Amino acid sequence: MMDGDYRAFLDGKRKLDEPTGFDVVPDLNPMLFDFQRDIVSWALWRGRAAVFADCGLGKTPMQLEFAHRCVEKTNKHALVLAPLAVGAQTVLEGEKFGIECHRPRDGKLPSRANVIVTNYERLHHFDPRDFECVVCDESSILKNFDGSTKAAITEFMRLVPYRLLCTATAAPNDYLELGTHSEALGYLGYMDMLSRFFKRDEQYCRRHNMGGQGWRFRGHAEGDFWRWVCSWARAIRKPSDLGYDDGDFILPQLDMRQYVVAAREKRPDMLFDLPAVTLVEQRAERRRTIGERCEMAASLVSDTGRPAVCWAHLNDESQMLCSMIDGAVEVSGSDSDEDKEERFLAFQRGEIRVLVTKPSIAGFGLNWQHCAHQTFFPSHSFEQFYQATRRSWRFGQKNEVIVDIITSEGEAKVLENMQRKQKAATALFEHVVRLMKNELNIDSKDGHTNAMEVPSWL
């Protein structure tokens, strides 16, 4: 082959999806920070995009501005899907930024085109033909839905031209969750992504302590993979990752304190306590030490006079914590959506001092900058721990944040596993941001990466 022909051959093997959006006038909401305006401008130009922005970087105003501009462009409704109990907070953010939002609970839409906010569980009330734009807030929770629900969300999005996925923790352990986002945006399907860029090699992954369910990059595919991801996604932990000034986004100190409690009663089959190894043993250990762990958590928050969140995983844990802490209020899975929202808002307003709930209920999307103290019983899910912590440790927090991690002697393996995942996730996100910087540097030559006013590092 001649040089030119070979270059054309290589270019044809790459997978870069063309933009399907529109250019916007430079008068995006003046209340947005410069990096937020540029991300929104780029996402609107892409038409179908993902924003992996760390907690507190303003995903809610960015996605509302994206939806608002799509409404202006198309004169049709835009739908914002949020986790349960986050909808009310999204509407309040809309008021703050001058964007009118509606929350019809029965699918009845206002006559005038507008931004509609609902939670994922109510999607079946809405018809995709009524919308030109759909936004998924905290989109990493898509993987937590069962197959039929996830398929319904993906199918709904497929019928809508403008799409935005926003999350803080895409792929906390490996890259493969990016395939879920790509599929929802209408780019490569999950299995197509795997076959194009990855190969199955379980022995290699085990040997190198990799995630990815036994998949690793093909030969020289890693560069092309990130070039493809950069064509539809942006990852940012802090503004300086994209060349901007961090300014007020430098967070206060996070103080993680570990407390280990001893079980009052020994295991019946043991002379002394040993770390629980199997999942069955770990579950039994958790139930055996509920009283001791809850007593420790209660002692740490009862007399401070300051707001606190006590995270639990079991119903028995949350009920016991409420009984031990004067004035504590529990939010449980059996509560109605309306009760959940009212209690979360009451906590935010300072009407409730101590809130007791589970990460699976309140771990995503809620803004609790007024609270700088949490207690947490560790589990194997790093994502739950990360998201729960970031309800308080985020932009707008003025005080040092204290997270008390309480475990028993027998749960040492659980804590070790969560800490290992924490280190792996931090390293992965740093790697993702670094690779995206390299690929954005390449893409700045081809015309529209400079839709994000190309920062100084380019």
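The values are calculated or read from the model by the stated rules, or taken from the named source; none is laboratory data. Small disclaimer: the values here were computed from a predicted structure and weren't measured. A quick note on method: Cβ atoms are made from the backbone with ideal geometry, for glycine too, and the neighbour counts reach across all protein chains shown.
Out of region 294-311, which residues are of a type in the set (D, E) and either outside any loop (DSSP other than H, G, I, E, B) or in contact with a helix residue (DSSP H, G or I) (Cβ under 7 Å, 6 or more places away or on another chain) (or both)? Scanning region 294-311 gives a single hit, E295.
Contact map, region 288-300: first residue in the same structural domain as V401 (by TED's automatic domain parsing) and of a type in the set (S, T, N, Q), second residue outside any helix (DSSP H, G or I) and surrounded by 16 or more Cβ atoms within 10 Å (Cβ to Cβ), Cβ cut-off under 8 Å, separation 6 or more or different chains; pairs are T289/V261; T289/A263; T289/S408.
Just to be sure before I move on: is G211 within 21 Å of the chain's Cα centre (by Cα), surrounded by fewer than 20 Cβ atoms within 10 Å (Cβ to Cβ) and at pLDDT below 80 in the structure I sent? Answer is yes for this residue. Collect the residues in region 350-379 that are in contact with a Pro (Cβ under 6 Å, 6 or more places away or on another chain) and either among the small types (G, A, S) or crowded, with 24+ Cβ neighbours inside 10 Å (or both), keeping them in residue-number order. F364, G365 - these are the residues of region 350-379 that are in contact with a Pro (Cβ under 6 Å, 6 or more places away or on another chain) and either among the small types (G, A, S) or crowded, with 24+ Cβ neighbours inside 10 Å (or both). Sort out which residues of region 27-73 are modelled with pLDDT of 95 or more and aromatic (F, W, Y), and write them in order of number. Within region 27-73, F66 is the sole residue that qualifies. Screening region 312-344 for residues that are within 20 Å of V91 (Cβ to Cβ) and touching a helix residue (DSSP H, G or I) at 6+ places or on another chain (Cβ under 6 Å) and picking the one that is surrounded by the most Cβ atoms within 10 Å (Cβ to Cβ) gives V331.
Among the residues of region 290-302, at least one is at pLDDT 90 or above, over 28 Å from R103 (Cβ atoms) and among the β-branched types (V, I, T). At least 1 residues being surrounded by fewer than 21 Cβ atoms within 10 Å (Cβ to Cβ) is the threshold, and among the strands (runs of 3 or more DSSP E) wholly inside region 43-150 those reaching it are 115-119, 131-137.
Residues in region 366-397 that are touching a strand residue (DSSP E or B) at 6+ places or on another chain (Cβ under 6 Å) and modelled with pLDDT under 90: P378 alone.
Name the residue that is farthest from the chain's Cα centre (by Cα), counting only residues in region 288-324 that are hydrophobic (A, V, I, L, M, F, W, C) and over 21 Å from M256 (Cβ atoms). If we take residues in region 288-324 being hydrophobic (A, V, I, L, M, F, W, C) and over 21 Å from M256 (Cβ atoms), then M324 is farthest from the chain's Cα centre (by Cα).
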